[in-house]
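The values are calculated or read from the model by the stated rules, or taken from the named source; none is laboratory data. Predicted, not measured: the structure shown is a model, and the values here were computed from it. Note that we place each Cβ from the backbone using ideal geometry, even for glycine, and neighbour counts take in every protein chain shown. Areas reflect the complete protein model, heavy atoms only, side chains present, ligands, DNA and RNA absent. Shrake-Rupley method; radii C 1.70, N 1.55, O 1.52, S 1.80 Å.
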Amino acid sequence: MQIGALGDIHGAFDTVQDIMTRHADVPLWISVGDVASNEGAYFTPLCPLYWIKGNNEDFDVIAEAQAGRPPAATLHYLPNGGPHQVGPWRAAALGGTFAPSWYHTPAMALPASRGRRVAGVSVKLGKSRDDKRRHFVREEVVACKALTNIDVFMTHEAPRPFYPAGRRPDAGKTVINDVLASMRPRLHLFGHHHEFTDSGRRGVRSIGLDVVTKSYLLINAETFRCERLDT
């Protein structure tokens, strides 16, 4: 059995549907976040798709999904922490981005977007940059570090060191490495930087995924052999 892994989607819904059609024998897929379109829209995948939050989502939609009201029957949101059952795998999630000024805030206290004013009326911005729910926080990192026997750990941020396109400074986050050292999953997947990488971090294979319009992975559910395919 193979499981598909997608990087950031960013509203490329037709591309995802084409990939799923191409691999009709793959029963389920996972994504490392940023599913929403620029307008904050979601879609109904042809196959079950398990996803974690990125930093460009409609966080009201994610709140609804976390409360048991997903945007589509085949879209399965994985809240930060775990373990989550994803097919035969025990999975863990740490979606969102790292922000030092919000790191010690309780997850439930991260403020939503204030929206903007148009002709005296407040208009919600589903992907507003002032929506702090885009971040992960310390309590979620601690919860992940306590997990054991995890097959796949999915994050949006990269571990250190990570130099996007070879450029400095290091864009990786130390807390991801700390979780890898404690959790020891069989495989770590991340996105955010839209760049494929395959390396070891704290003794764990750590793969950075391309944006979905470039490439994707097929993973053997038992052996964890990974095959990268161009979109």
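Quick one: is residue 157 outside any strand (DSSP E or B) and crowded, with 23+ Cβ neighbours inside 10 Å? For residue 157, the condition - outside any strand (DSSP E or B) and crowded, with 23+ Cβ neighbours inside 10 Å - is met. Residues that are of a type in the set (A, V, I, L, M, F, W, C), open to solvent by 10 Å² or more (accessible area, probe 1.4 Å) and either over 19 Å from residue 177 (Cβ atoms) or assigned to a helix (DSSP H, G or I) (or both) within the stretch 86-110 comprise 102, 107, 108, 109, 110, listed in sequence order.
Test residue 199 against the criterion of being part of a strand (DSSP E or B), crowded, with 20+ Cβ neighbours inside 10 Å and of a type in the set (Gly, Ala, Ser), and give yes or no. Before the answer, list the steps.
Values: part of a strand (DSSP E or B): yes; crowded, with 20+ Cβ neighbours inside 10 Å: no; of a type in the set (Gly, Ala, Ser): yes.
Spelling it out, it is not the case that residue 199 is part of a strand (DSSP E or B), crowded, with 20+ Cβ neighbours inside 10 Å and of a type in the set (Gly, Ala, Ser).
Taking the stretch 19-57 as the range and being in contact with a Phe, Trp or Tyr (Cβ under 8 Å, 6 or more places away or on another chain) and either open to solvent by 10 Å² or more (accessible area, probe 1.4 Å) or among the polar types (S, T, N, Q) (or both) as the test, the residues that pass are 28, 31, 37, 43, 47, 48, 50, 53. Scanning the stretch 1-15 for residues that are assigned to a loop (DSSP other than H, G, I, E, B) and among the acidic types (Asp, Glu) turns up just one, 8.
The condition of being farther than 17 Å from residue 91 by Cα, modelled with pLDDT of 95 or more and either out of contact with any His (no Cβ under 9 Å at 6 or more places or on another chain) or not polar (S, T, N, Q) (or both) holds for only one of 170, 198, that being 198. Considering every residue within the stretch 26-43, establish whether at least one is more than 19 Å from residue 222 (Cα to Cα) and in a helix (DSSP H, G or I). Within the stretch 26-43, none of the residues are more than 19 Å from residue 222 (Cα to Cα) and in a helix (DSSP H, G or I). Residue 60 meets each of the listed conditions (1) assigned to a loop (DSSP other than H, G, I, E, B); (2) at pLDDT below 95; (3) open to solvent by 20 Å² or more (accessible area, probe 1.4 Å); (4) within 21 Å of residue 8 (Cβ to Cβ) apart from (1). For residue 213, the test of being of a type in the set (S, T, N, Q) and more than 17 Å from the chain's Cα centre (by Cα) is failed.
Scanning the stretch 63-85 for residues that are over 12 Å from the mean Cα position of the chain (by Cα), assigned to a loop (DSSP other than H, G, I, E, B) and buried (at least 19 other Cβ atoms within 10 Å of the Cβ) turns up nothing.
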